[in-house]
Amino acid sequence: MNTPVYDYLMEYVHRDDLRMHMPGHKGKGLDGWLGAAYPLDITEICGADSLYEADGIIAESERNAAALFGAGATLYSAGGSTLCIQAMLMQMKREGRTILAGRNAHRSFLNACILLDLPIRWMYARDGALLSGVISPQAVQYALANSPKPACVYLTTPDYLGGVADIEAIARICQRAGARLLVDNAHGAHLAFFPQSLHPIALGADFCCDSYHKFLPALTGAACLHCKNAEDAAALRSAMAMFGSTSPSYLILASMDLCNRYLANRVRHDVFSVAQRIHRLRKKLKTAFKISEGDPFHICIHAASSGLSGTALAQWLTAHGVMYEYADEDYVVLLCSPCTPLSDLERLEQVLCACDLPRTQIDQQPAKAPLLYAEMTPREAALLPCEQVPVHQCIGRICAMTQPPCPPAVPIVICGEQLNATAAALLERYGIREITVVKA
Ligand SMILES: Cc1ncc(COP(=O)(O)O)c(C=O)c1O
């Protein structure tokens, strides 16, 4: 597969033109490892195309990505999935759609709804779980039947703990109801490269965002927005331009461009061999730890159900040279990718098998999403004068700013909701001591 953006950068570096354009470093790196990146870090000069009006090398690279993922059109983002989520939701606003969203949404979704003044109708997981609430087709069906039309359904899958929703069934329900299906697939770009694609677009979603940087070899900030139908791409691109920086990083764009070649040539092999190795690891650990099902590349240990404190296990892992992705009292999440060396999984297995932390019966259940009364919309609450109060004094007050623990950045309380004792206890459980509320 060709790499037009990367090739342009390499050619430009070798031309050694006078750099009478931004950025101010003029291609001259400061000392150190980062130095090699500066010559490639350019802006929209002649021949380099322009992200929000792409018709040259960026558009060509995006077409490569669309072919790889089986999308009608693919748009690049150098502002992560966050920018893609803003663009998808802006388009829903233009189409006048009611937003029905799974409660395990990332804060980037909530922030976009605040910016766009979109009220949200939440859908909850059957078990009410906060972080990994897989939304069922029945919940979607019910929500659609009881909401003003036209509507759209917004799912976060895989979620931070690797839980996956039945996108195929939900897509059928949405089609029958004339609703658009939007998927936050920030954690699932690799799903397109399983023997049978499990990618949201292949399963029937209208739009989805993939963070290339989270599970594929690309620089942090690299993401893309896929559209099932190419006709939607122009509107989505204009929405992206509304929120994105006018100086998107070419290093990030080039990393996606190069990643495409990896996706074309090698990723399927790597997905297969890493997934197989993870499968063996899971089997080996089964007697010592409860590990959740779902996306194989998210190794989510249910510490509490394994008789351990998640934070104690996380500390133990750090002390034994394993840096985890996320940990709380209930869970420890370890993330792999197709690029995880098999030898790393060998090492991980040895470390986990050697875990000699004492086990006890832990009765604590995973956190449930609190059911709170929304006094106002998220935007109304976010734009009112606000103040910080200690969590133990927040009962009866209206949340003005979401302070989710990050990661996983799933809001515990949504702005506009009235806080109660359950919410306060949950905030404290996640180590949040102060909260921003609407000024009395
Ligand atoms: C589920 C989910 N959605 C969206 C995002 C935002 O993605 P990005 O960091 O690529 O902007 C994240 C980031 O962690 C996430 O976990």
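Of the trypsin sites (Lys or Arg not before Pro) in region 281-346, the ones in a loop by DSSP (not H, G, I, E or B) with at most 16 other beta carbons within 10 Å are 286.
Couplings 3J(HN,Hα) of region 161-173, computed from phi: 9, x, x, 10, 8, 7, 4, 4, 5, 5, 4, 5, 4 Hz, in residue order, whole Hz [Karplus 6.51 cos²θ - 1.76 cosθ + 1.60, θ = phi - 60°; x for Gly and Pro].
What region 11-121 shows is 45 Å² of accessible area per residue, with the surface traced by a 1.4 Å probe over protein heavy atoms.
Of all trypsin sites (Lys or Arg not before Pro) in region 376-440, which ones are in loop regions per DSSP and have a Cβ with at most 14 other Cβ atoms within 10 Å? The qualifying sites are 433, 439.
Net charge within 15 Å of residue 430 by Cβ-Cβ distance, Lys/Arg positive one each and Asp/Glu negative one each, not counting residue 430 itself?
Taking every Cβ under 15 Å from that of residue 430, the sum is -1.
Give the distance, in whole Å, between the Cα centre of region 16-68 and the Cα centre of region 374-416. If we compute the Cα centre of each part, the gap is 40 Å. Close amide H pairs (under 5 Å, H built 1.01 Å from N) link residue 291 with 302, residues at least 5 positions away or on another chain.
Of the residues 378, 319, 367, the one whose Cα sits farthest toward the positive end of the charge dipole of the chain, with +1 on the Cβ of Lys and Arg and -1 on the Cβ of Asp and Glu, is 367.
Run the numbers on region 378-438 and let me know its relative contact order in percent, using alpha-carbon pairs under 8 Å that are six or more apart.
That works out to 47 percent.
Determine the shape class of region 296-338: with a ≥ b ≥ c the square roots of the Cα gyration tensor eigenvalues, call it rounded for a/c under 1.5, and otherwise prolate if a/b is greater than b/c, oblate otherwise. Oblate is the answer for region 296-338, as a/c is 1.5 or above yet b/c matches or exceeds a/b.
Taken over the alpha carbons of the chain as equal point scatterers, the Debye sum produces base-10 log I(q)/I(0) values at 0.07, 0.08, 0.11 Å⁻¹ of -0.37, -0.49, -0.93. The H on the amide N of residue 129, modeled in the peptide plane, is under 5 Å from the matching H of 369, each at least 5 residues off or on a different chain. Using a ≥ b ≥ c from the Cα gyration tensor of region 180-279 (square roots of the eigenvalues), is it rounded, prolate or oblate, where a/c under 1.5 gives rounded and otherwise the larger of a/b and b/c decides, a/b for prolate? Because a/c hits 1.5 or more and a/b fails to exceed b/c, region 180-279 counts as oblate. Take the convex hull of the alpha carbons in region 331-440; its mean projected area over all directions comes to 9.9 nm². Here the Karplus relation 6.51 cos²θ - 1.76 cosθ + 1.60, evaluated at θ = phi - 60°, turns the backbone of region 297-314 into coupling constants of 7, 9, 9, 10, 8, 7, 4, 4, 5, 9, x, 10, 7, x, 5, 5, 5, 4 Hz, with x for every Gly and Pro. Considering only 291, 157, 238, the residue lying farthest towards the positive end of the dipole of the chain is 291, judged by Cα position with unit charges set on Cβ.
Quote the charge dipole size of region 4-265 about the Cα centre in Debye, to the nearest 20; the model charges only the Cβ of Lys and Arg (+1) and of Asp and Glu (-1). Display every interim value, and only then the final one.
On the way: 20 positive and 24 negative charges, 190 e Å.
That gives region 4-265 a dipole magnitude of about 920 debye.
Whole-Hz Karplus values for region 72-83 come out as x, 7, 10, 10, 7, 10, 9, x, x, 5, 3, 5 Hz, taken residue by residue from phi with 6.51 cos²θ - 1.76 cosθ + 1.60 and θ = phi - 60°; glycine and proline positions read x.
Of the GluC sites (Glu not before Pro) found in region 334-415, the ones in coil according to DSSP and having at most 15 other Cβ atoms within 10 Å of their Cβ are 375.
Round to a whole number: what % of the accessible area of the chain belongs to carbon and sulfur, probe 1.4 Å? Can you show the working numbers first?
Numbers: 10490 of 19050 Å².
Of all accessible area on the chain, carbon and sulfur atoms account for 55 percent.
Highest GNM mean-square fluctuation among 113, 399, 386, for the chain modelled with Cα contacts below 10 Å: 386. If you take the Cα centroid of region 219-256 and the Cα centroid of region 151-188, the two points sit 21 Å apart.
Normalised by the number of residues in the chain, the mean separation of alpha-carbon contacts (under 8 Å, six or more apart) gives a relative contact order of 15 percent.
Charge dipole of the chain (Cα centre as origin; +1 on each Lys and Arg Cβ, -1 on each Asp and Glu Cβ, all else neutral): 920 debye, rounded to the nearest 20. Accessible surface area normalised per residue over region 146-260 is 32 Å², counting heavy atoms of protein chains with a 1.4 Å rolling probe. Under a 5 Å amide H cut-off, with hydrogens placed 1.01 Å from N, residue 417 pairs with 375, 399 among residues at least 5 apart or on other chains.
The values are calculated or read from the model by the stated rules, or taken from the named source; none is laboratory data. Here the structure is a predicted model, which is why all the values come from computation and not from measurement. Cβ atoms come from the backbone with ideal geometry, glycine included; neighbour counts cover every protein chain shown. Only protein heavy atoms, including side chains, enter the accessible area calculation; ligands, DNA and RNA are left aside. Shrake-Rupley method; radii C 1.70, N 1.55, O 1.52, S 1.80 Å.
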